[in-house]
Each structure stands twice: as structure tokens, then as C-alpha cells.
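Okay, structure first, notes after.
All of the numbers you see were taken from the coordinates with simple rules; none came from a lab. Everything numeric in this text was worked out from a predicted model, so none of it was measured. With ideal geometry, Cβ positions are generated from the backbone for all residues, glycine too; neighbour counts draw on all protein chains shown.
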Amino acid sequence: MNELIRLDRVSMAYGRAEQAVKAIEEVSISVAAGEFFAVVGPSGCGKSSLMRLISGLHPPLGGTLTVEGRPVTGPLKKVGMAFQNANLLPWRTAAQNVLLPLEIVQPHRSRLRTERAAYLDRARRLLESVGLAGFTEKFPWQLSGGMQQRTSICRALIHEPEILMLDEPFGALDAFTREELWCTLRDVQARQKVTVMLVTHDLREAVFLADTVYVMSSRPGRIVKRCEVSLPRPRDLDVTYTQPFQDIVHELRSLIGRH
């Protein structure tokens, strides 16, 4: 597989000079195009900071960061992002919410005025592909939490990004809905072949979804373990009850908090 993302001894800090607080210290990772990788670790270890770095929203303090072999010098257009809170606009339908990135990102922004019907159809088809047929014209207050999060993920995917970044996307949902959305995300990634970065506290979630799991230390965050998840794909929820799955989860849990 072709390498898409490379970090070579990258550090990052918030603030300047003596007031600077180091969030990440000499992190080195390599991510292939189409890979699903997860980042886990204790609260405040720099998981979300790593996401900000790779997406170009915050500059590195040191080291080398490249995407497609080119240095990251600012926000990347080829990134889609979704967070724990869906943050849908209450006055827009699900389909209209999904269209939001296209109103910002070129060349879609220029085409929207004349091709809006085609773009709306595209948004509806994307929503239908994640199980929201019949809900595309509903407003956020008419959707369950799980439906809102599906809509948020579709919004992150509508401009066909190369990298999908998910920051605790299912953390606010109940256990049943969360596992349902694991399967939705599994299917979306398999279908679209998008590279996915998942930041999560849920070790079962990380092992079920990811090809590779990185464990970070307490702040300043360092990579203390790179774990390849060799469980065969496609995975269904039954795999979470198997011994090999539980062994990986236990290994990851034993590392968190020790460093």
C-alpha cells in the first residue's frame, strides 16, 4: 500500500516561549492509504492534538509531517472531520446539513448554485447508504442521537475526503447504538476505501474497527505501542466475544496509565 501520512519525530506545543505546554513529543507513525488506524491513551495525552496536527490545524513544534509526501503547512482540504457532538444546524434538514462542507470547499462551492439539485440528491443517497432512508428531510430535533451522528459522518464524507478524522464520535451514545454505528462505520470505510483516523477511549471500539492501534503515554504524548489488529475482515460483533479479541483489548488496557 502507498504511504499517505508520515510523522517523523514530530512534537507539538500550545503557547509560546516559556508559557509553551508540550502536548506531543517526538511521535513517529506511518499510515498507508486506505488504512483504518485508532489512537488510544489516557485523558489529556494528546490524542486530539495529534488529529489537529495531521489535519494541518496546528503547526508542529519540531520534526517532519507529510501527507502524500508533501509537508503539511496549513489546513488540508482533503480531510473530513466528525466529533462527539454532531453539531447539526437545527434549521436545516439532514440532507441540507450534509451539504455544508460543499458550501465551503472548492470546486463544489462554485457549482452549488447551478447544480444544487444534483448535490442534494448526492447527499440523500449518502444518508440512505448509512440507513437513513426516510429521514433525509427530517430536522435534527426529529432524529435520534445515533441518527444525528450518522448524519455528521455523512457530512464529513460528502466532499470525498482522502482522510476521515473521528474524535470520540460515539462517546455520547448508549452501548447498543454505539455498536450499531461501529458496523455502519465499518461498512462505509470498506465501501469508500477512505483512510480513517479514530480517536477513542473505548478500547473495544478501537480493536473492532482498526487495522492498527497506537497507544499514547500521558502528556506529553508519545507512542508507547503500535498494535496491528490481525483479526480477519469483515468483522461482525460476534468477534468481540472471542478470546483473540479480548486478548488484544487486555494488552492495550495494561499499557494505558503505565507510561
Long-range amide H partners of Met216 with built H, under 5 Å:
Val40, Gly41, Val224
For Ser217, Ser144, what ranking results if the residue with the fewest other Cβ atoms within 10 Å of its Cβ goes first?
Ser144, Ser217
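So how do Thr242, Thr93 line up by other beta-carbon neighbours within 10 Å, fewest first?
By the 10 Å Cβ count, ascending, the order reads Thr242, Thr93.
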How big is the dipole moment of the stretch 103-259 about its Cα centre under a simple scheme where the beta carbon of each Lys and Arg is +1, that of each Asp and Glu is -1, and everything else is neutral? Debye, nearest 20, please.
500 debye
Checking rank on 95-102, 5-12, with mean other Cβ inside 10 Å and highest first, the result is 95-102, 5-12
Efficiency of FRET from Cβ geometry, Glu251 and Ala175, R₀ 22 Å, rounded to 0.05:
0.50
Expected unfolding gain across Lys138-Leu57 under the 0.36 nm per residue rule, minus the alpha-carbon gap, is 25.9 nm
Among the lysines, which have Cα under 24 Å from the Cα of Lys78 when same-chain residues fewer than 8 positions away are ignored?
Lys47, Lys193
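Where in the stretch 127-207 are there GluC sites (Glu not before Pro) that are in a DSSP coil and have at most 15 other Cβ atoms within 10 angstrom of their Cβ?
In loop regions of the stretch 127-207 (DSSP not H, G, I, E or B), the sparsely surrounded GluC sites (Glu not before Pro) are Glu137.
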Mind pulling the angle between the C-alpha long axis of helix 243-255 and the longest principal axis of the chain? Nearest 10 degrees, somewhere in 0 to 90.
60 degrees
Which percent, to the nearest 5, of DSSP beta bridges fully inside the chain are antiparallel?
50 percent
Cα centroid of the stretch 62-88 to Cα centroid of the stretch 122-147, whole Å:
26 Å
To the nearest 10 degrees, how steep is helix 108-129 against the longest Cα principal axis of the chain, on a 0 to 90 scale?
80 degrees
Order of Ile104, Ile24 under a 10 Å beta carbon neighbour criterion, fewest first
Ile104, Ile24
Within the stretch 92-137, DSSP-loop trypsin sites (Lys or Arg not before Pro) with at most 16 other C-beta atoms within 10 Å are Arg92
What does the extension gain come out to for Glu228 and Glu128, with contour length at 0.36 nm per residue minus their alpha carbon separation?
32.8 nm
Charge dipole of the stretch 80-210 about the Cα centre (unit charges at C-beta), most positive-ward option of Gln96, Gly146, Val199
Gln96
If each Cα of the stretch 104-158 is one equal point scatterer, what is log10 of I(q)/I(0) from the Debye formula at q = 0.13, 0.25, 0.29 Å⁻¹?
-0.34, -1.00, -1.16
